[in-house]
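Here's the structure we're looking at; comments come further down.
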Amino acid sequence: MKIGKTYHQHPFKTPTYDAIIIGSGIGGLSVAAILAKAGKKVLVLEQHYEIGGYTHTFKRKGYEWDVGLHYVGDVHIEGTVLHKAFQYITDGQLKWAAMPKVYDKAVFGNQVYEFVSGRTSLKTQLKKYFPSEKDGKSIDAYFELLKEVRQLNSNYYIEKALPPILSKITGKFLRKGLLKYANQTTLSVLKGLTDNPKLIGVLTAQYGDYGLPPAQSSFYMHAMLANHYMDGAAFPVGGAGSIARTIVPVIEERSGAVLFNATVRQILVENNKAVGVKMADGNEIFAKTIISDAGAINTFLKLLPKETIEKHQFNNSLKKLQPAAAHIGLYIGIKAAAKKLELPKNNFWLFPDAYDHDELQAAYTHLDATLPVAYISFPSAKDPSWESRYPDRATIEVITLIPYEWFAQWEGTTWKKRDENYEQLKEKLAQQLLAQLFRVLPQLKDKIDYYELSTPLSTEKFTHHPKGAIYGIAHTPERFQQRLLSATTPVKNLYLTGQDVVIASIGGGLMGGIVAASAILKRNMFNQIWKH
Ligand SMILES: Cc1cc2nc3c(=O)[nH]c(=O)nc-3n(C[C@H](O)[C@H](O)[C@H](O)COP(=O)(O)OP(=O)(O)OC[C@H]3O[C@@H](n4cnc5c(N)ncnc54)[C@H](O)[C@@H]3O)c2cc1C
């Protein structure tokens, strides 16, 4: 059943919404659900014809694929903030299926390194792989650092919910501890612990989860990701679409509405106060509170009126920041059950026989260059409900990061109507990703029934993220210095939610939603969620 309702049939005759939320990603739906549960009447407006942002799924030829969720940490462990938060915003309806103890396998050439869940287990495993590493002391020190970073989060979140004036006064103190790590690159911190390039390569093998190799990424992001998966990972029962499917009723049952095909063209501002939105069809909808899940670049540089952008010099604030990486995704369908095909539940991170991720990324400048990384996920094997929903069908997703510029010449062209050169480029890339799949599962060579490649242009079309950015603003040290990336904004009654508030990921986007709800309700909603 379709999630949400279509914008064009919605009766706007009594437009009495307390809050309008632009975008229905996890950042938008989570803040909407929390506000709805606090008694507010909310309206979520989504430009796509599907609700969910990067958690939406799509169907083709009898298959279904997830686009932006392959595994999530902490959610399967009772008592964690993420577990409680998902319980809260779905009224306990969303279920998670834990992945196996080894949830990620990193393959460098022929050498396999297993990411095993559990702090002690992972530490032991790494010491086995690197027995000569300073008697294990550098590995111990790495785990201590991860712990230290985790403890800095609460101040960071509090600061993101403060009004700009208060943040100016107390923000420096609240951010101090965190900036010590956020301001350093992952590589510089790891080099302080070890001079073993193989160990650094393995510790950062999951860098695709935040899109930047170690010399470019902030150590804070790396540490958050490593902590996030420390106790393994899980997959939503029913696929990523279950997220919107279980949150939307929580909103609708409380007189809220979640509408698709609803493109917001502009945020309406009067005397530096957000008062409503203007839709693509010219309709104006008003509310006391406007919340944007459309990302910082869209919100501050595209959706606000020109005078507001100039008044606050948003261009200046954002000019040092880049959109995150772009990607291509190969969606594969096979006419056989995952069990029969012996598809694994773990993901793969595949690399050539080389451990310097920065060097590999820098050399990836043309189509025949070595692929720096490929990520493989087997959603039909992870989801326990898959077999009953799609009997005798299996799906696989293969992804790599790719420079957006390779596709820039087709900017402005129409989806599904691009020229022959574009199709040829896509086919060549699809074959490269298939070759990566066959590297680890050669038995699938003659089994592929269907495949389709998405490019950064597809991502841009369906999510509006500039340059097909998959993680919002790139997670460089500079990102963490930029105060504009907060739930509260310099425009009164305008709030930001989602991955640009705290960090990218499903969990990060959800944290952004809780921070935004806390700022709007002027209550610490983490406490409320914790106690419920
Ligand atoms: C390929 C890929 C794989 C990923 N894998 C994982 C993973 O395994 N685990 C994990 O934790 N995270 C993963 N992520 C990251 C995670 O999906 C995102 O960080 C998170 O979902 C972002 O949520 P959000 O709400 O901030 O933004 P989004 O989900 O992007 O939502 C923003 C919404 O705003 C809408 N919008 C934009 N402009 C307008 C407008 N003008 N009017 C109306 N609507 C508008 C968009 O259409 C979109 O639906 C992955 C991402 C990608 C792309």
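The values are calculated or read from the model by the stated rules, or taken from the named source; none is laboratory data. All figures in this text were calculated on a predicted structure; none of them were measured in a lab. In this analysis, Cβ positions are derived from the backbone assuming ideal geometry, glycine residues included, and neighbour counts consider all displayed protein chains. Accessible surface is based on the protein model in full, side chains and every heavy atom, while ligands, DNA and RNA are left aside. Shrake-Rupley method; radii C 1.70, N 1.55, O 1.52, S 1.80 Å.
In the set 529, 514, 520, which member is of a type in the set (A, V, I, L, M, F, W, C), more than 10 Å from the ligand (Cβ to nearest atom), surrounded by fewer than 24 Cβ atoms within 10 Å (Cβ to Cβ) and more than 13 Å from the chain's Cα centre (by Cα)?
529
Within segment 1-17, can you find the residues that are in contact with a strand residue (DSSP E or B) (Cβ under 6 Å, 6 or more places away or on another chain), open to solvent by 20 Å² or more (accessible area, probe 1.4 Å) and more than 22 Å from residue 64 (Cβ to Cβ)?
10, 15, 17
May I ask you to list pairs of residues, at least six apart or on different chains, whose Cβ atoms are under 9 Å apart, with the first in segment 300-318 being free of Cβ contacts under 8 Å to residues at least 12 places away in the same chain and over 13 Å from residue 268 (Cβ atoms) and the second being surrounded by 15 or more Cβ atoms within 10 Å (Cβ to Cβ) and of a type in the set (Phe, Trp, Tyr)?
Correct list of pairs: 309/300.
List the residue pairs whose Cβ atoms are under 8 Å apart, where the first residue sits in segment 242-254 and is without any contact (Cβ under 8 Å) to a residue 40 or more places away in the chain, the second is of a type outside the set (Ser, Thr, Tyr), and the two are 6 or more positions apart or on different chains.
Sorted first by the residue in segment 242-254, then by its partner, the pairs are 252/258.
Given the options 461, 492, name the one that is charged (D, E, K, R), open to solvent by 10 Å² or more (accessible area, probe 1.4 Å) and within 12 Å of the ligand (Cβ to nearest atom). If you could, list the steps in order and put the result at the bottom.
Details: 492 fails: within 12 Å of the ligand (Cβ to nearest atom).
Exactly one of 461, 492 is charged (D, E, K, R), open to solvent by 10 Å² or more (accessible area, probe 1.4 Å) and within 12 Å of the ligand (Cβ to nearest atom), namely 461.
Which residues, counting only those in segment 306-336, are in contact with a Leu (Cβ under 9 Å, 6 or more places away or on another chain) and part of a loop (DSSP other than H, G, I, E, B)?
If the condition is that a residue be in contact with a Leu (Cβ under 9 Å, 6 or more places away or on another chain) and part of a loop (DSSP other than H, G, I, E, B), then 312, 321, 324, 325 are the ones that fit.
Whether any residue in segment 295-305 is surrounded by fewer than 21 Cβ atoms within 10 Å (Cβ to Cβ), assigned to a loop (DSSP other than H, G, I, E, B) and away from the ligand (no atom under 12 Å from the Cβ) is what I want to check.
Within segment 295-305 (the criterion being surrounded by fewer than 21 Cβ atoms within 10 Å (Cβ to Cβ), assigned to a loop (DSSP other than H, G, I, E, B) and away from the ligand (no atom under 12 Å from the Cβ)), the answer is yes, since at least one residue qualifies.
Which of the numbered conditions does residue 259 fail, given that it passes all the others? Conditions: (1) crowded, with 22+ Cβ neighbours inside 10 Å; (2) farther than 28 Å from residue 387 by Cβ; (3) in contact with a His (Cβ under 8 Å, 6 or more places away or on another chain).
(1)
Count, please, the residues in segment 269-279 that happen to be in contact (Cβ under 8 Å) with a residue 24 or more places away in the chain and open to solvent by 10 Å² or more (accessible area, probe 1.4 Å). Step through it out loud before you land on a result.
Residues of segment 269-279 that are in contact (Cβ under 8 Å) with a residue 24 or more places away in the chain, as a first pass: 269, 272-277, 279.
From what's left, open to solvent by 10 Å² or more (accessible area, probe 1.4 Å): 269, 272-273, 275.
Here the count works out to 4.
I need a count of the residues in segment 243-256 that are out of contact with any helix residue (DSSP H, G or I) (no Cβ under 6 Å at 6 or more places or on another chain) and open to solvent by 10 Å² or more (accessible area, probe 1.4 Å).
6
For the structure I just gave you, tell me whether residue 443 is open to solvent by less than 40 Å² (accessible area, probe 1.4 Å) and outside any loop (DSSP other than H, G, I, E, B). Break it down stepwise before answering.
Numbers: open to solvent by less than 40 Å² (accessible area, probe 1.4 Å): no; outside any loop (DSSP other than H, G, I, E, B): yes.
The answer is no for residue 443.
Taking segment 192-207, which residues are at pLDDT 95 or above and open to solvent by 10 Å² or more (accessible area, probe 1.4 Å)?
192, 193, 196, 197, 198, 200, 203, 206
I need every pair where a residue in segment 472-485 that is within 16 Å of the ligand (Cβ to nearest atom) has its Cβ under 6 Å from the Cβ of a residue that is part of a loop (DSSP other than H, G, I, E, B) and among the acidic types (Asp, Glu), sequence separation at least 6 or different chains.
If the second residue must be part of a loop (DSSP other than H, G, I, E, B) and among the acidic types (Asp, Glu), the pairs left are 472/500; 473/500; 485/500.
Pick from segment 203-216 the residues that are farther than 20 Å from residue 139 by Cα and within 16 Å of the ligand (Cβ to nearest atom): which of them is farthest from the chain's Cα centre (by Cα)?
Looking at residues that are farther than 20 Å from residue 139 by Cα and within 16 Å of the ligand (Cβ to nearest atom), I get 212.
Determine which member of the set 400, 413 is within 12 Å of residue 455 (Cβ to Cβ) and either over 24 Å from the mean Cα position of the chain (by Cα) or modelled with pLDDT under 95 (or both).
Testing whether each residue is within 12 Å of residue 455 (Cβ to Cβ) and either over 24 Å from the mean Cα position of the chain (by Cα) or modelled with pLDDT under 95 (or both) leaves just 413.
Could you run through segment 34-66 and say how many residues are among the charged types (D, E, K, R), open to solvent by 40 Å² or more (accessible area, probe 1.4 Å) and near the ligand (Cβ under 9 Å from one of its atoms)? Steps first, answer last, please.
At the first step, the residues of segment 34-66 found to be among the charged types (D, E, K, R) are 37, 40-41, 46, 50, 59-61, 64, 66.
Narrowing further to those that are open to solvent by 40 Å² or more (accessible area, probe 1.4 Å): 37, 40-41, 50, 59-61.
Then keep just the ones that are near the ligand (Cβ under 9 Å from one of its atoms); that gives 50.
Going through segment 34-66 one residue at a time, the tally reaches 1.
In this structure, is residue 457 closer than 20 Å to residue 322 by Cα and in a helix (DSSP H, G or I)?
On the way: closer than 20 Å to residue 322 by Cα: yes; in a helix (DSSP H, G or I): yes.
In short, yes.
Would you confirm, using the coordinates I've provided, whether residue 468 is within 26 Å of residue 89 (Cβ to Cβ), within 16 Å of the ligand (Cβ to nearest atom), open to solvent by less than 20 Å² (accessible area, probe 1.4 Å) and modelled with pLDDT of 95 or more? It would help to see each step written out before you state the result.
Working: within 26 Å of residue 89 (Cβ to Cβ): no; within 16 Å of the ligand (Cβ to nearest atom): yes; open to solvent by less than 20 Å² (accessible area, probe 1.4 Å): yes; modelled with pLDDT of 95 or more: yes.
For residue 468, the condition - within 26 Å of residue 89 (Cβ to Cβ), within 16 Å of the ligand (Cβ to nearest atom), open to solvent by less than 20 Å² (accessible area, probe 1.4 Å) and modelled with pLDDT of 95 or more - is not met.
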